[in-house]
Amino acid sequence: MTGSTPPWKRRFSRREADQGPSDGPYSANDDERGPTDTGTASLESVVDRGDLPATAQAPAPAARRRAAAFRHKAGQGVRNGGRRARAALAHLADRIIDLAPRVPVRDLAKLRGQFPGLGPEELADRLVAGAAKGTATVGAGVGAAAMMPVPPAMPTELAAEITGVAAIELKMIAELHEVYGVRPPGGLAQRSTAYLNSWSDERGVDVSKPSSLGSAMNSHMKRQLRQQIMKRMVRDLPNLMPFMVGAAVGAVMNRRDTRKLAARIRADLRKQQVPWSALGELPALDGPQDALDMGALTKELGGAEESGRRPGRDGGR
């Protein structure tokens, strides 16, 4: 209607206003302000209060519970697997430590008698070639045994290969030290520890440093040995490829790794090489009482290349 006042602009007359009692800064009614109790509120936790209704906690969804259970099982499996791997590495390291003193080593006089007319470098080349051929045979044999891989047998096959390769390379390292005139001092146990430390560090023994000539394997040496074993296991995994592929891969990789190890050790030994003329008559090496038969060891681990069977599995048939 023309001239009428819109509802939102209409003013109530004071007669229609609330005439109830009011107080406070904004003249609000008591009913509008709420209770005016001046008491203090309790600061205690409401979790354990019995006078309040309990809050119902909604259960977690089934998918979330299954995910949490899966994460717990997966983490537990990883921890258990890590413990088993460390235990296996420690066992294999102890096995190689026990094996090292049993490796037969030819002294310089025997080597010069078997290879007459050769100088130090030519004789060292012969030793490296023989060791590379032996480790290649072991790698090919284990690779042939894994023609149809059986997962439970793989760790055993890797452990057998690493043990055989370690024995061959330890013999090579010890005889290279004889050729270059750098025989570590001490008896059989001290020399075996020095050669084992050389194998794990992939360095020649420095006879001028007493720290490299420990009489027993300490914690640092064992840690280095476990790391070397783990590195070898990772490098040897392709040897387990099926259909005879692992045999060729194992032979090539083991030959290459042995030659690379020999090159590093020979580079260190050349820096402290003693000429044969300055050595004089060296005492003969005291051999181990229960020496390993290196030929039988190489044949046992490498024989699977021809038969296509796992070493020792069908030996009694």
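The values are calculated or read from the model by the stated rules, or taken from the named source; none is laboratory data. Treat the numbers as computed from the prediction; the structure is a model and nothing was measured. Cβ coordinates were reconstructed from backbone atoms using ideal geometry, including for glycine residues, and neighbour counts include every protein chain displayed.
Residues in region 85-113 that are surrounded by 18 or more Cβ atoms within 10 Å (Cβ to Cβ) and closer than 15 Å to residue 165 by Cβ: 92, 93, 96, 99, 100, 103.
Inside region 114-124, can you point out the residues that are exposed (fewer than 14 other Cβ atoms within 10 Å of the Cβ) and part of a helix (DSSP H, G or I)? Answer for region 114-124, where residues must be exposed (fewer than 14 other Cβ atoms within 10 Å of the Cβ) and part of a helix (DSSP H, G or I): 114, 121, 122. You will find that of 142, 150, the residue that is modelled with pLDDT under 90 and surrounded by fewer than 17 Cβ atoms within 10 Å (Cβ to Cβ) is 150 and no other.
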